[in-house]
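The values are calculated or read from the model by the stated rules, or taken from the named source; none is laboratory data. This is a predicted model, so every value here is computed, not measured. Here Cβ is always computed from backbone atoms with ideal geometry, including for glycine, and neighbour counts include all displayed protein chains.
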Amino acid sequence: MAEHLDLVKNEWGAGFQVRLVTVENSPDQGLVLANINPGWEDILSRPLAVGAGDSPVYAIKEPPNEGLNAIIAFYRGDHVFATSVHSDEGCPFRHGSVVPMRPADVGLASRTSAQPA
Amino acid sequence: MTDHLGLLRQYLEQAPVVYGYVPQLTAGGGHGNKIAVVLEGGVHALVKPASGAQDGLLAVQNEAAAWELACLLGWGELVAGTVIRDVLPPQSGAPEPAAVQVMWPGYDWTPAPGSFPEGETWKAAILDMLMLHSDRTNNNWLGVPPAQLPFPGPVYGSRQQLKLIDHGFAFDFPGRANLSSSFVDLHRGNPIPADLLQAVGAGLAQVEASPVRAILDDMPFERLKARFEGLLQSGSL
């Protein structure tokens, strides 16, 4: 597989990250989808509003580098995001479609409500 | 706000952390700093520290204000319970404000807007119009419970409900004070159903005394009020 990015879903409750679809920059065919979870071919065919006020773009139909950059700019949320473009060897999903989250020490201070009842 | 939602707010503001975890992979390979926690009693919450975004404190406030706005209208089912707390993130080690919000247990990413009942999409459109959401075009909503899974067939047969997420870029966020919403697009130009318009009127009557006022700065709050009044005057999107 050529250089590619992966769209990743955070399964927060379960504590792992799962690959949804791979977008590959193919020298011969432009952007090509692989490892497609149900529905993602359709979702990636929708127009993306990358910047506020910008015209929506159809990432898959763009020239490959512009298309990949648009996907990275658009998919950066808490639940679904795009990785950076990487090689096969550097792919975090080279051993499977799931990556576990890691334990972390987190402190949360108790708060008197700033949102009055 | 009804008692149970007030109790949820109080719980989210005070419950101790049982354990936490962080993702290995982050957007664009960048240094994301979102944290998952399980709070005492077993509630899963997502912690979004202010340092994770430009104008991050505003984004944190907006996340909480979005939930409070939904509750003010009586539509608290559309947005996960969200409060502001000070967090000591493992990534930085320095205390900072964060949005702490309940996680939906499982979800699909942005099912087509038309797949939801019209009542839900109307509420989403009105909320987006009021908060001036700038990042809801084909983005930032969930279908709960999940139906599209990495294997054929639904796990459970419940009807999928609409849930709105990621409200940092709303409430006249600097440089992004543009409305962009697939739900507004869906209903644009149509008269608002009478029961929902009534909720908007009731919301405006109570907004000064609501938590929304305590969270938002003066300018975005005044603009929010102006959008309430505009919707009531026009009666349509």
request  = Any residue in the stretch B:172-198 that's over 28 Å from B:Asp218 (Cα atoms): show its pairings with residues that are modelled with pLDDT of 95 or more and in a loop (DSSP other than H, G, I, E, B) at Cβ separation under 8 Å, as long as the two are six or more apart or on different chains.
outcome  = B:Pro191/B:Gly235
key: Total residues in the stretch A:43-74, condition more than 7 Å from every other protein chain (Cβ to nearest Cβ), modelled with pLDDT of 90 or more and under 14 Å from A:Val21 (Cα atoms)   = 4
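If you check B:Arg176 against the conditions, is it modelled with pLDDT of 95 or more, within 20 Å of the chain's Cα centre (by Cα) and among the basic types (Lys, Arg)?
Details: modelled with pLDDT of 95 or more: no; within 20 Å of the chain's Cα centre (by Cα): yes; among the basic types (Lys, Arg): yes.
In short, no.
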key: Neighbours by Cβ (under 7 Å, 6+ apart or cross-chain): first from the stretch B:147-169, farther than 17 Å from B:Val100 by Cα; second modelled with pLDDT under 60   = B:Ala147/B:Pro154; B:Leu149/B:Val155
request  = Return yes or no: is B:Leu25 of a type in the set (A, V, I, L, M, F, W, C) and part of a helix (DSSP H, G or I)?
outcome  = no
query = Across the stretch A:63-79, which residue is surrounded by the most Cβ atoms within 10 Å (Cβ to Cβ) among those that are in contact (Cβ under 8 Å) with a residue 12 or more places away in the chain and either of a type in the set (Val, Ile, Thr) or touching a helix residue (DSSP H, G or I) at 6+ places or on another chain (Cβ under 6 Å) (or both)?
reply = A:Ile71
inquiry  = Between a residue in the stretch B:86-111 that is at positive phi and at the interface with another protein chain (Cβ under 7 Å from one of its Cβ atoms) and any residue that is assigned to a loop (DSSP other than H, G, I, E, B) and of a type in the set (A, V, I, L, M), which pairs come within a Cβ distance under 8 Å, given they are 6 or more apart or on different chains?
reply    = none
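Within 8 Å of chain A (Cβ to nearest Cβ) and among the small types (Gly, Ala, Ser): is that true of B:Gly119 in this structure? Step through it out loud before you land on a result.
Details: within 8 Å of chain A (Cβ to nearest Cβ): no; among the small types (Gly, Ala, Ser): yes.
Answer is no for this residue.
Consider A:Gln29 carefully, then state whether it is on the phi < 0 side of the Ramachandran plot, out of contact with any Cys (no Cβ under 6 Å at 6 or more places or on another chain), touching a residue at least 60 places away in the same chain (Cβ under 8 Å) and among the polar types (S, T, N, Q). Spell out the reasoning first.
Numbers: on the phi < 0 side of the Ramachandran plot: yes; out of contact with any Cys (no Cβ under 6 Å at 6 or more places or on another chain): yes; touching a residue at least 60 places away in the same chain (Cβ under 8 Å): no; among the polar types (S, T, N, Q): yes.
So A:Gln29 fails the test.
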inquiry  = Suppose the filter is among the hydroxyl-bearing types (Ser, Thr, Tyr), free of Cβ contacts under 8 Å to residues at least 60 places away in the same chain and touching a helix residue (DSSP H, G or I) at 6+ places or on another chain (Cβ under 8 Å); does B:Ser51 pass it?
reply    = no
key: Index of the failed condition, B:Val87 passing every other in (1) surrounded by fewer than 24 Cβ atoms within 10 Å (Cβ to Cβ); (2) modelled with pLDDT under 95   = (1)
remark   = Counting only residues in the stretch A:80-95 that are in a loop (DSSP other than H, G, I, E, B) and either touching a Lys or Arg at 6+ places or on another chain (Cβ under 7 Å) or crowded, with 19+ Cβ neighbours inside 10 Å (or both), the one farthest from the other protein chains (Cβ to nearest Cβ) is identified as A:Asp88
request  = Within the stretch B:37-51, identify whether any single residue is at the interface with chain A (Cβ under 7 Å from one of its Cβ atoms), over 14 Å from B:Pro97 (Cβ atoms) and of a type in the set (D, E, K, R), and answer yes or no.
outcome  = no
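Do we have B:Ala98 as in a helix (DSSP H, G or I) and either in contact with a Lys or Arg (Cβ under 7 Å, 6 or more places away or on another chain) or modelled with pLDDT of 95 or more (or both) here? Before you say what the answer is, go through the steps one by one.
Working: in a helix (DSSP H, G or I): no; either in contact with a Lys or Arg (Cβ under 7 Å, 6 or more places away or on another chain) or modelled with pLDDT of 95 or more (or both): yes.
Criteria not met by B:Ala98.
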note = Residue hits (the stretch B:138-167; in a loop (DSSP other than H, G, I, E, B), modelled with pLDDT of 90 or more and at the interface with chain A (Cβ under 10 Å from one of its Cβ atoms)) are B:Asn140, B:Ile165, B:Asp166
